[in-house]
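The values are calculated or read from the model by the stated rules, or taken from the named source; none is laboratory data. Because the structure is a prediction, the values reported are computed rather than measured. We place every Cβ from the backbone using ideal geometry, glycine too, and count neighbours over all the protein chains shown. Heads up: the accessible areas ignore ligands, DNA and RNA and are worked out on the full protein's heavy atoms, side chains in. Shrake-Rupley method; radii C 1.70, N 1.55, O 1.52, S 1.80 Å.
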Amino acid sequence: MRVVVVGGGILGLATAWTLQREQPESEVVVLEGERALATHQTAKNSGVVHAGLYYVPGSSKARLCRRGVGLLRSFCAEHEVAYEACGKLVVAAEASERERLEALAERAEANGVEGLAWLEAGEIQRIEPEARGACALHSPNTAIVDFVAVAAALARSIQARGGEVRTAAAVRRLDGTSKGAVVELCTGESLAADRVVVCAGLHSDRLARASGRDGEPRIIPFRGEYWKLRPERAHLVRGLIYPVPDPALPFLGVHLTRKIGGEVWLGPNAVLSFALDGYRWRDARPAGLAHVLGWPGTWRLMGRNLRVGLHELRSARSKRFFIRGAQRFVPALAPGDAVRAAPGVRAQAVDRDGTLVDDFRIDRAGNVLWVRNAPSPAATSSLAIAEDLAEQL
């Protein structure tokens with residue numbers, strides 16, 4: 001059986017690797033449109049291995065995250081990829097957030113997250129000496145990893161087992177056949193496959209439409225901007241410091257993240273991007289503008305979150321305002337402590353009614369599996385999602 005995996009990010013590579021392990025007789029080919037693997041969301045995320053605190057008990061997110069953590073930790077140990085359980089502190093900056101934090105603690109326990117500890121205000125400094133808050137939840141097993149290094153290890157293993165990993169191999173469309181599918185590349189080359197898995201990330205809806213599939217949900221790109229602490233100020237944060245999620249808001253908000261290697265990043269915010277690779281403000285393109293603003297769900301989403309959107313725009317234009325969000329948890333921070341870091345663009349699926357698609361969404365058309373939405377914690381869950389995809393194949 002020949003299986004083609006479209007997408008050379010961590011989810012596509014994890015799927016190909018899992019297929020080889022579970023179906024060693026299969027011929028596996030990975031196609032990546034860029035000249036290098038894992039250059040977009042895999043490379044430009046926080047690098048956090050989530051423990052499973054946030055997700056509705058019993059949901060696919062909760063199940064796949066908890067399973068994915070163990071698989072990822074074992075993979076990193078086997079392939080000598082640095083993996084550090086630096087711990088996460090979720091801080092209620094004000095007493096009014098206590099009830100939400102208590103609900104989060106109950107959810108995390110229901111998901112089987114181990115080692116949780118509740119901290120009152122005077123106990124927070126035991127974990128993070130510079131952090132302040134009314135109370136906090138400590139998850140000592142939340143970890144960090146370099147997902148690009150994980151992706152590279154997956155690719156090496158795939159190739160060592162006889163699989164093919166091709167870069168600069170952008171896919172134009174897929175045509176279903178009675179027995180499989182034909183994958184047409186932008187170069188004009190065509191590949192016949194018995195099974196196809198599409199993990200196209202930011203391009204998932206466009207590739208689906210080009211292949212005659214439904215274009216919903218629409219992928220709306222959001223740029224997440226970061227600052228990072230100067231090396232001499234990185235000691236202010238030992239691990240991960242997060243806000244309490246607000247269910248009324250579409251995104252989590254600014255948090256502080258230690259990276260493998262010792263850097264500390266602040267962010268991200270979330271502002272609309274008018275290009276799939278819109279890492280800078282000037283990267284907006286007419287086609288991207290039409291793609292975002294031509295979708296009814298975009299306007300409905302903005303209409304419901306106008307105040308939040310204006311807040312995010314202000315954080316994008318004002319360093320001082322951006323850093324103020326992090327100062328809620330670490331008052332010792334000052335704007336001069338931070339310098340610009342590389343931004344990222346997240347593939348956020350939005351339904352026609354303006355609802356953010358929160359869970360993983362996978363469609364099947366004959367012998368083709370389409371990953372239509374893979375939001376956080378997709379990187380953490382990648383090997384567990386890959387198991388599900390392999391089983392469906």
I'd like the full set of residues that are over 23 Å from the mean Cα position of the chain (by Cα), open to solvent by less than 40 Å² (accessible area, probe 1.4 Å) and of a type in the set (A, V, I, L, M), limited to region 304-331.
V330
Considering region 369-392 alone, what residues qualify as being more than 19 Å from the chain's Cα centre (by Cα) and open to solvent by less than 30 Å² (accessible area, probe 1.4 Å)?
L369, A390
Considering only region 222-340, give the strands (runs of 3 or more DSSP E) lying wholly within it that have at least 3 residues that are of a type outside the set (A, V, I, L, M, F, W, C) and in contact with a strand residue (DSSP E or B) (Cβ under 9 Å, 6 or more places away or on another chain).
255-258
Does G366 fit the bill of being on the phi > 0 side of the Ramachandran plot and over 21 Å from the mean Cα position of the chain (by Cα)?
yes
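Restricted to region 340-357, and to residues that are over 16 Å from the mean Cα position of the chain (by Cα) and exposed (fewer than 12 other Cβ atoms within 10 Å of the Cβ), which residue is nearest to L202 (Cα to Cα)?
Filtering region 340-357 for residues that are over 16 Å from the mean Cα position of the chain (by Cα) and exposed (fewer than 12 other Cβ atoms within 10 Å of the Cβ), the one nearest to L202 (Cα to Cα) comes out as D353.
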Of the residues in region 265-287 that are over 16 Å from the mean Cα position of the chain (by Cα) and more than 23 Å from R314 (Cβ to Cβ), the one that is least open to solvent (accessible area, probe 1.4 Å) is A287
So R63 clears everything in (1) within 25 Å of Q392 (Cα to Cα); (2) in contact with an Asp or Glu (Cβ under 9 Å, 6 or more places away or on another chain) except one condition, right? Which one?
(2)
For region 212-244, which residues satisfy the criterion of being small (G, A, S) and free of Cβ contacts under 8 Å to residues at least 60 places away in the same chain?
G212, G215, A234
Is at least one residue of region 267-283 without any contact (Cβ under 8 Å) to a residue 40 or more places away in the chain and small (G, A, S)?
no
